[in-house]
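Structure first, commentary second.
The values are calculated or read from the model by the stated rules, or taken from the named source; none is laboratory data. Given the structure is predicted, the values throughout are model-derived calculations rather than measurements. Backbone-built Cβ (ideal geometry, glycine too); neighbour counts: all protein chains shown.
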Amino acid sequence: MTTKRLDPQKRKEQVLTYVVEQYICHVVPVGSSQIASECLCGLSSATIRNVLAELEDDGYLTHPHTSAGRVPTQEGYRYYVDKLMNEINLLSTEKDRIQAEYAQGMGELEGLLERTSEILAQETHYPSIISLDGRDLIFCRGVSFVAGYPEFYNFQKIRYMLEVLEQKKELLKLIDREIDERAKIFIGREVGLPGVEDCSLVVSRFGRKGGPSGRLALLGPTRMNYDKAVSTLEYLSQLVDRMI
């Protein structure tokens, strides 16, 4: 894409979007030469390095000491989520697959929520958490995915995450909070639980007036595929609403 006519702010936002999305997919710091060849064609690596330096000064990017490439900070993810992230809808094949999973059998409400937790984790590859308002009841599936995140190389970090996901009170503390949007994203320190500062939490509500209600949530690394997480949560919330 030719970007010489972009104003400086749009150019910075394009670079930030590219770095965030590349890092989400590949977990590798993104360098200026890669951006020059795949994102900002027509601009020199030196010019792009200046843009990266500005984004780093703004607090949106940082770079590991062992690499010249950049990675997003929590503030960078927040800016991306609030201003740059594309709203996506699940493909019809994904919706069909999810509905087929539900068709395998649903019993009462608890069975529905347990199955929903399983499907949510399978579709996103993040631990899923579901709570039911007014009841000390919680469903958590996909815990094993934690050990597969490259950035969780520290055994102590994995151990703490697993401990959190096993503690009902801690999970309820994470997701039982007031949200105005259909899906609310908490990034890093915003999650509000010591020890999970490198994680993000996406929470959605389900339920109808006068009937059962609760929260659907995903807990994963800050390098979360936010658009996929939000679209899957919203779709499953709608399905649960129709079924309860």
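Test of understanding: among T124, T116, which residue is surrounded by 16 or more Cβ atoms within 10 Å (Cβ to Cβ) and closer than 18 Å to P221 by Cβ?
On the way: T116 fails: closer than 18 Å to P221 by Cβ.
Result: T124 is the single residue among T124, T116 that is surrounded by 16 or more Cβ atoms within 10 Å (Cβ to Cβ) and closer than 18 Å to P221 by Cβ.
From the list D136, D176, D82, D96, pick out the single residue that is at pLDDT 90 or above and on the phi < 0 side of the Ramachandran plot.
Details: D136 fails: at pLDDT 90 or above; D176 fails: at pLDDT 90 or above; D96 fails: at pLDDT 90 or above.
Answer to the check: D82.
Checking L90 against (1) surrounded by 15 or more Cβ atoms within 10 Å (Cβ to Cβ); (2) modelled with pLDDT of 85 or more: exactly one of these is not met. Which one?
Going through the list (1) surrounded by 15 or more Cβ atoms within 10 Å (Cβ to Cβ); (2) modelled with pLDDT of 85 or more, L90 breaks only (2).
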